[in-house]
1. Kindly provide the set of residues from the stretch 1-21 that are at pLDDT 95 or above and in a loop (DSSP other than H, G, I, E, B), ordered by number.
2. Mind listing whichever residues of the stretch 163-184 are under 14 Å from the mean Cα position of the chain (by Cα) and not in a loop (DSSP other than H, G, I, E, B)?
3. Every residue in the stretch 69-87 that is charged (D, E, K, R) and within 15 Å of Thr57 (Cα to Cα), please.
4. Check Thr137, Thr177, Thr192, Thr151 and return the single one that is surrounded by 15 or more Cβ atoms within 10 Å (Cβ to Cβ) and β-branched (Val, Ile, Thr).
5. Pull out all pairs, ordered by first then second residue, where Cβ-Cβ is under 8 Å, the residues are six or more apart or on different chains, the first lies in the stretch 2-16 and is free of Cβ contacts under 8 Å to residues at least 60 places away in the same chain, and the second is part of a strand (DSSP E or B).
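The values are calculated or read from the model by the stated rules, or taken from the named source; none is laboratory data. Source: prediction; values computed, not measured. Virtual Cβ from ideal backbone geometry, glycine too; neighbours counted across all protein chains shown.
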Amino acid sequence: MASIASVTLEVADPAAAEHFYAAAFGLGPQLRVRPSEAPTAGFRGFTLSLTVSQPSTVNSLIDSALDAGASAVKPATKSLWGYGGVVRAPDGTLWKVATSAKKDKGPATRQIDRFVLLLGVEDVLASKRFYVGNGLTVGKSFGRKYVEFDTPTSPVTLALYGRRALAKDAGVPPDGTGAHRIALDSDVGPFTDPDGFEWEKASR
């Protein structure tokens, strides 16, 4: 079964990005950074999402991200599905921190339950077929709206969402040009998907 070892963000200042992510989220080897000056503007076509257990942990992670230099995009609020908010890292990456719980069951922790990469694609069904053809197995699928792949041994969960819907969910305009500035490190690469997202062979 396919596994995604890590996500690599291409940033202008890797040292500053590493410092930010250590302070903001404390992520481990599932997130990497490397230098890039590739031009990019507007929405890059993806978001990274941290799923946690309760609202107080959402607030804790968002507050630490803001303290480390992130900017608020969508303040953390309650919704029909739970509680969450979106911040933009200094390197431009959009991060959503969310929980399905609406009440706290204990003190805030720094525990991250799931690290999810959401790709905003032009045609969900076409991208779904492409990824199935490249060895991924569908875990959840909701027609043309959303697909999540089954990667139980992977530290990164991959999902597909319509580009405009993903931008709306993140609270940003859907328009964007230039490089995505992201690469997926996996045992099924290398290839480039229909929307230009690059997969690389994970180093062992």
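1. If the condition is that a residue be at pLDDT 95 or above and in a loop (DSSP other than H, G, I, E, B), then Ala12, Asp13 are the ones that fit.
2. Here is the first cut: in the stretch 163-184, the residues under 14 Å from the mean Cα position of the chain (by Cα) are 163, 166-167, 169-170, 180-184.
Residues satisfying the conditions are Arg163, Leu166, Ala167, Asp169, Ala170, Ile182, Ala183, Leu184.
3. Selection gives Lys78 alone.
4. Thr151
5. Pro14/Val33; Pro14/Arg34; Pro14/Pro35
Here is a yes/no grid of residues against (1) under 25 Å from Val58 (Cβ atoms); (2) in contact with a Ser or Thr (Cβ under 9 Å, 6 or more places away or on another chain):
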site	(1), (2)
Leu119	yes, yes
Val132	no, no
Ser154	yes, yes
Asp175	no, no
Ala179	no, yes
